[in-house]
Amino acid sequence: MDLSWCRFVGALVVAILLCLQGFCYSEQAPNYSFVHDSTSAPNISYYDYIIIGGGTAGCPLAATLSQNYSVLLIERGGSPYGNPNITNLANFGASLSDNTPTSPAQPFISEDGVYNSRARVLGGGSCLNAGFYTRASVDYVNNAGWDGNLVNQSYQWVEKLVAFEPPMRQWQSAVRDGLLEVGVTPYNGFTYDHIIGTKVGGTIFDRDGHRHTAADLLEYANPKGLTVLLNATVHQILFRTKGKAKPTAHGVIFSDSLGIKHRAQLNKGSKNEIILSAGALGSPQLLMLSGVGPAEHLRSHNITVLVDQPMVGQGMSDNPMNAIYIPSPLDVEVSLIQVVGITPVGSYIEAASGANFGSPAGMQSFGMFEPQTGELFTVRSDQSNPGMAKFFEAMKPADRVFRGGFILEKVLGPSSTGHLELRNKNPHDNPSVRFNYFQDPEDLRRCAEVMTIWHYHGGNQVGKVVDNDYKVLGVDALRVIDGSTFQYSPGTNPQATVMMLGRYMGVKIANDRVKSDGSS
């Protein structure tokens, strides 16, 4: 494909308009006997594994390790269950618009000036995103050094509970046909696999419009082996240094929703570990707060340097997104990402529709594409085509209600990277992060205008902060397992791979432990 982005989108818009001619679900919370509010936690408790972050990686990881070991999963947010803004597809965008202190989405603005959000809820980003489910490419898996058979088994384990084939209604069908018409071929049908061409991918929304999240993977857990604490914020990872070749993690300090401090410690045993799964912002932030990071930066915040690790917080990346609004003379059904066009040049074309992207009525906060965020793209009318110009003029919404849909482009990579630093020592506050959008000219070549697609990653990358087993370099009994370890965002959406990684590493850790015990 040698069309520029603008020419390509123009052709695609026309194709979709030519092809294009209008739920609610109240979820019952699962009976998770092991989930508790942090205020009920004892002053001190002991476990084989302590996982910090009950998100997209932390939930499958905890469920897996709980089969044979005692596991504590600490989540700083609340439960997704019973919240219609999370569970109902028709309410998508409402959680991202909610900037209250208890919102499942905690907003932040990068030093680049781009409005963004990070998850603060059990299930993590899978509770907030547009639901698209797709595996990483074979090349991505090979480059990561993962075992292909275990990767496939881990994806399948996830998919049994949270992945579905989406219903193909008017908008997504028009997008599919439009992509094929402008040459994004071949047509690969419905598949979870990452393949060049046009495909229908998976979704974590079922046919009733009910979202299934990483929190649902806790259904696999052994209730006797798992404790989940909600509304618990970890302040610091504790290390022992006396008599140790390297600092050894042995516990954490966390506060409950009332601000009361608690301590959780590892049981005795050389194989027990603490695992950071707090995400691309939370994991490097907590490493720094615990004394592992760039020495000069830590000292500037009066943090005792445990390990001078200058690469913590480096390699931060966020995939830029282009977006075009396509108005419709009639109401269009609500649909999120289902069809994707994967091009050979590193651009991924997706689409969504329906009036669910602005702020809910009565709310003063920001929606996904609200003008207040500075991220609202303009409707591009082709003035050289009187028919199209007249159509776009007629579609200008007088009441500011979105009626139509969006075409979105995710940029591969990206090649540009930035860094993360602490603003202060308060773990409740967001760190400072700069993504350096388009610093690398290769990214600029691919993309014309920018907003986030919420796929930021990096900060604790493999080979720089952690080894190939995700163990933190320079310390013992501590790993990082989440998107902060990624060099690149996998595929068109990373959530399937992050969930897979939680399961994959849970199995690998358990298997390696059994082998080690058997040989000792």
Inside the stretch 194-210, the number of residues satisfying the requirement of being open to solvent by 10 Å² or more (accessible area, probe 1.4 Å) and either among the aliphatic types (A, V, I, L, M) or under 19 Å from Arg120 (Cα atoms) (or both) is 2
Given the conditions (1) touching a Cys at 6+ places or on another chain (Cβ under 8 Å); (2) more than 24 Å from Asn272 (Cα to Cα), which single one is not true for Phe205?
(1)
Residue satisfying condition, being modelled with pLDDT under 80 and open to solvent by 20 Å² or more (accessible area, probe 1.4 Å), within set Ala355, Ala278
Ala355
Within the stretch 441-451, is even one residue at pLDDT 65 or above, more than 24 Å from Arg120 (Cβ to Cβ) and among the charged types (D, E, K, R)?
no
Filter the stretch 466-520 down to the residues that are assigned to a helix (DSSP H, G or I) and among the basic types (Lys, Arg), then identify the one that is least open to solvent (accessible area, probe 1.4 Å).
Arg513
Test Ser317 against the stated conditions and say whether it is in contact with a strand residue (DSSP E or B) (Cβ under 7 Å, 6 or more places away or on another chain), over 29 Å from Val433 (Cβ atoms), at pLDDT below 90 and surrounded by 20 or more Cβ atoms within 10 Å (Cβ to Cβ).
no
For Val305, state whether it is in a loop (DSSP other than H, G, I, E, B) and either modelled with pLDDT under 80 or buried (at least 19 other Cβ atoms within 10 Å of the Cβ) (or both).
no
Could you check, for the stretch 231-240, whether at least one of its residues is more than 24 Å from Gly418 (Cβ to Cβ), of a type in the set (S, T, N, Q) and in a strand (DSSP E or B)?
yes
Just to be sure before I move on: is Leu286 under 27 Å from Phe34 (Cβ atoms), open to solvent by less than 40 Å² (accessible area, probe 1.4 Å) and assigned to a helix (DSSP H, G or I) in the structure I sent?
yes
Among the residues of the stretch 256-267, write down those that are open to solvent by 30 Å² or more (accessible area, probe 1.4 Å) and in contact with a Phe, Trp or Tyr (Cβ under 9 Å, 6 or more places away or on another chain).
Lys261, Arg263, Asn267
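Rundown of residues vs (1) assigned to a strand (DSSP E or B); (2) out of contact with any strand residue (DSSP E or B) (no Cβ under 9 Å at 6 or more places or on another chain); (3) buried (at least 22 other Cβ atoms within 10 Å of the Cβ), yes/no style:
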{"position": "Ala215", "(1), (2), (3)": "no, no, yes"}
{"position": "Glu219", "(1), (2), (3)": "no, yes, no"}
{"position": "Lys224", "(1), (2), (3)": "no, yes, no"}
{"position": "Leu229", "(1), (2), (3)": "yes, no, yes"}
{"position": "Phe254", "(1), (2), (3)": "yes, no, yes"}
Can you say whether Ser300 is of a type in the set (Ser, Thr, Tyr), open to solvent by 30 Å² or more (accessible area, probe 1.4 Å), touching a strand residue (DSSP E or B) at 6+ places or on another chain (Cβ under 8 Å) and farther than 30 Å from Val514 by Cα, as far as the supplied structure shows?
no
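The values are calculated or read from the model by the stated rules, or taken from the named source; none is laboratory data. The structure presented is a predicted model; accordingly, all values stated were derived computationally and were not measured. Note that we place each Cβ from the backbone using ideal geometry, even for glycine, and neighbour counts take in every protein chain shown. Remember, those area values only see protein heavy atoms, side chains included, never the ligands or the DNA or RNA. Shrake-Rupley method; radii C 1.70, N 1.55, O 1.52, S 1.80 Å.
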